[in-house]
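Written out below as structure tokens is the structure these notes cover.
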There are 2 protein chains.
Amino acid sequence: MKELHNFAESEEMYLKTIAEISRHGNLVPVTYIAERLSISTVSASEMVHRLQGRGLLEHTPYKGVRLTDDGLNRAESILRRHRLWECFLAEHLGLPWKQVHDFACQLEHVSEDALTDALDKHLGFPSFCPHGNPIPPAQGVLEVRETTPLSDLDVGQEGVVLCIREEDGEMLDYLDARAVRPGSRVRIEEIAPYDGPRSVLLDGEKQVLGREVAEHILIELVNDNETE
Amino acid sequence: MKELHNFAESEEMYLKTIAEISRHGNLVPVTYIAERLSISTVSASEMVHRLQGRGLLEHTPYKGVRLTDDGLNRAESILRRHRLWECFLAEHLGLPWKQVHDFACQLEHVSEDALTDALDKHLGFPSFCPHGNPIPPAQGVLEVRETTPLSDLDVGQEGVVLCIREEDGEMLDYLDARAVRPGSRVRIEEIAPYDGPRSVLLDGEKQVLGREVAEHILIELVNDNETE
DNA sequence: TCTCATAATTAGGATGCCCTTATATTAACT
DNA sequence: AGTTAATATAAGGGCATCCTAATTATGAGA
């Protein structure tokens, strides 16, 4: 029987969102945060001030927001919980990607360290979530992988799917159905005019993916020469 | 990415609490609810009105509160989630009773049906939580078992521990340490004066349990003649 | 340099849940 | 029947988070 309130949840959503948007420590416009959280810019701005007051981020007016070390630690802890739960939901409960993501979004807010660590152990200390995103370690920093959005590839280029940016549940559902998985081999066959849909060869199967979708598929380029 | 609010959580705590207190459909005084939730009677009263407005309970002034069918269904669904999580936390993650209970208290609010059902399946459709409390089925009503608090037994009487009333985390910790488990065989050896501590033989080991504690241990009486 | 879209802030509210203090109502016991 | 203790309600607030509408400040491009 715990306290009825959950003051921390909002805070966690902000931190997680900021961390997700700013993949490499760039400044994140408050507008983006508001959009991602589906709240007004006024509210987002308000909250940004509060979080700044708590030392979790720094706001440069008219530029954007950057997490402090504290804020980044908190954010990574949330991402860790989220992705560990995703592993559990996908591997042990056998749920589809969309549900995996949605449920993890809720579970991430109610896992204290003891629970998270026990879960980590139970799962065998996985390094990646089912969508291929790295799981931050209990302490220490997440090392960054070099990735390219599928949308940046030209015709003829090949790569391996590293991970799916999982900000959007709908998109996960879509990609799940099309068997786009971390590890999938992908090759651009054709790009429709005006940066349009991509025809790709995905694990040998022909598929068509819109540009929007392709932006969320992160690739490790494979050098054409040195592969079979 | 879900909405930031959790309007449902308070409601769930009330319903669950009421269901736990009123073991057999008795009227539950608002005072008890307030006490169990550690809030003022004014606040509890307010909320009771709200819940009545939503058709989840009926309040008879100066008497108490009774869940409607709707309210009871909601409450059992919460207990179901709570106890299924407890199974997972205890059996799969190997956590101690107190943590099992505390974590389940949080997890119970973030499990939609799809998640709960998948968990149920994964656990092999258990019938009881680690503390021996029955797990309500996905639909249908929980059948009630006949139980006697250990505190009601007289010297010489014997029984088997059916379950631990788990309203209180501290108590679980205490009983966990003393190896009081569902299925344990117990026999009252002595009752100290003024309804004081019980000396009991628990699975062959001598223990002393306070009356308060004994009230939370629910027993199935064993007829002295027909057992070895 | 000037203009304009973008970003920030101010003002005024709403909601949900909680609080204390004070006052009314009722049940239950003498 | 009358007193008292338990219960309920009313009045006035607080806090966290969100909202809209209106205003101000800024930076970036023409």
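The values are calculated or read from the model by the stated rules, or taken from the named source; none is laboratory data. Since the structure is predicted, the reported quantities are computational estimates derived from the model, not experimental observations. Please note: Cβ atoms are built from the backbone with ideal geometry, for glycine as well, and neighbour counts cover all protein chains shown. These area figures cover heavy atoms from the full protein model, side chains too; ligands, DNA and RNA do not enter into them. Shrake-Rupley method; radii C 1.70, N 1.55, O 1.52, S 1.80 Å.
Hey, any hits in the stretch A:169-183 for a residue that's open to solvent by less than 80 Å² (accessible area, probe 1.4 Å), under 30 Å from A:P126 (Cα atoms) and in a strand (DSSP E or B)?
Among the residues of the stretch A:169-183, not one is open to solvent by less than 80 Å² (accessible area, probe 1.4 Å), under 30 Å from A:P126 (Cα atoms) and in a strand (DSSP E or B), which makes the answer no.
For the stretch A:102-111, what are the residues that are closer than 21 Å to A:E170 by Cβ and either hydrophobic (A, V, I, L, M, F, W, C) or surrounded by fewer than 22 Cβ atoms within 10 Å (Cβ to Cβ) (or both)?
Matches in the stretch A:102-111: A:D102, A:F103, A:A104, A:C105, A:Q106, A:L107.
Please verify whether B:L107 is without any contact (Cβ under 8 Å) to a residue 60 or more places away in the chain, within 14 Å of chain A (Cβ to nearest Cβ) and not in a helix (DSSP H, G or I), treating the condition exactly as stated.
no
Got a sec? Which of B:E91, B:E112, B:E3, B:E9 is more than 16 Å from DNA strand D (Cβ to nearest atom) and modelled with pLDDT under 95?
Criteria check complete, one pass: B:E112.
Matching residues to (1) open to solvent by less than 50 Å² (accessible area, probe 1.4 Å); (2) within 14 Å of chain B (Cβ to nearest Cβ); (3) β-branched (V, I, T):
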site	(1), (2), (3)
A:E146	no, no, no
A:P149	yes, no, no
A:D152	no, no, no
A:E167	yes, yes, no
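Filter the stretch A:18-37 for residues that are polar (S, T, N, Q) and at pLDDT below 95; which is least open to solvent (accessible area, probe 1.4 Å)?
My answer is A:S22.
If you go through the stretch A:3-50, how many residues are away from chain B (no Cβ under 14 Å), of a type in the set (A, V, I, L, M) and either more than 12 Å from DNA strand C (Cβ to nearest atom) or under 16 Å from the mean Cα position of the chain (by Cα) (or both)?
1
For the stretch B:149-178: of the residues being under 16 Å from B:Q99 (Cα atoms) and of a type in the set (A, V, I, L, M, F, W, C), which is nearest to the chain's Cα centre (by Cα)?
B:I164
What about A:L119, is it free of Cβ contacts under 8 Å to residues at least 60 places away in the same chain, within 14 Å of chain B (Cβ to nearest Cβ) and in contact with a Leu (Cβ under 6 Å, 6 or more places away or on another chain)?
Yes, satisfied.
Taking the residues in the stretch B:59-68 that are within 16 Å of DNA strand D (Cβ to nearest atom) and closer than 19 Å to B:S10 by Cβ as candidates, determine which candidate is surrounded by the most Cβ atoms within 10 Å (Cβ to Cβ). Break it down stepwise before answering.
Step one: list which residues in the stretch B:59-68 are within 16 Å of DNA strand D (Cβ to nearest atom), which gives B:59-67.
Next cut, closer than 19 Å to B:S10 by Cβ only: B:59, B:65, B:67.
Values: B:H59: 17, B:V65: 25, B:L67: 22.
This residue is B:V65.
Take the conditions at the interface with chain A (Cβ under 10 Å from one of its Cβ atoms) and closer than 16 Å to A:L107 by Cβ and apply them to B:D113. Does it pass?
Here the answer is no, as B:D113 does not meet what is asked.
Please verify whether A:R211 is closer than 16 Å to A:T147 by Cβ and either at pLDDT below 95 or open to solvent by 30 Å² or more (accessible area, probe 1.4 Å) (or both), treating the condition exactly as stated.
Judged against the criteria, A:R211 is not a match.
Only residues that are more than 19 Å from A:H109 (Cα to Cα), more than 8 Å from DNA strand D (Cβ to nearest atom) and without any contact (Cβ under 8 Å) to a residue 60 or more places away in the chain: list them for the stretch A:24-35, please.
Of everything in the stretch A:24-35, those that are more than 19 Å from A:H109 (Cα to Cα), more than 8 Å from DNA strand D (Cβ to nearest atom) and without any contact (Cβ under 8 Å) to a residue 60 or more places away in the chain turn out to be A:G25, A:N26, A:L27, A:V28, A:P29, A:V30, A:T31, A:Y32, A:E35.
Do we find that B:L72 is over 26 Å from B:C163 (Cα atoms) and more than 9 Å from DNA strand C (Cβ to nearest atom) in this structure?
For B:L72, the condition - over 26 Å from B:C163 (Cα atoms) and more than 9 Å from DNA strand C (Cβ to nearest atom) - is not met.
Going through the stretch A:112-157 one residue at a time, which ones are touching an Asp or Glu at 6+ places or on another chain (Cβ under 7 Å) and not in a loop (DSSP other than H, G, I, E, B)?
Result: A:P149, A:S151.
Exactly one condition in (1) more than 11 Å from chain A (Cβ to nearest Cβ); (2) open to solvent by less than 20 Å² (accessible area, probe 1.4 Å) is false for B:G53; which is it?
That leaves (2) as the condition not met.
Do we have any residue at all in the stretch A:36-46 that's more than 10 Å from DNA strand D (Cβ to nearest atom) and either of a type outside the set (D, E, K, R) or assigned to a loop (DSSP other than H, G, I, E, B) (or both)?
No: the stretch A:36-46 contains no residue that is more than 10 Å from DNA strand D (Cβ to nearest atom) and either of a type outside the set (D, E, K, R) or assigned to a loop (DSSP other than H, G, I, E, B) (or both).
Checking A:G71 against (1) open to solvent by less than 10 Å² (accessible area, probe 1.4 Å); (2) within 13 Å of chain B (Cβ to nearest Cβ); (3) within 28 Å of B:D102 (Cα to Cα): exactly one of these is not met. Which one?
(2)
Anything in the stretch B:193-208 that is of a type in the set (A, V, I, L, M, F, W, C) and touching a Ser or Thr at 6+ places or on another chain (Cβ under 8 Å)? List them, or say none.
Step one: list which residues in the stretch B:193-208 are of a type in the set (A, V, I, L, M, F, W, C), which gives B:200-202, B:208.
Matches in the stretch B:193-208: B:L202, B:V208.
In the stretch B:74-101, which residue that is within 7 Å of chain A (Cβ to nearest Cβ) and part of a helix (DSSP H, G or I) is surrounded by the most Cβ atoms within 10 Å (Cβ to Cβ)?
Across the stretch B:74-101, the extreme among qualifying residues is B:Q99.
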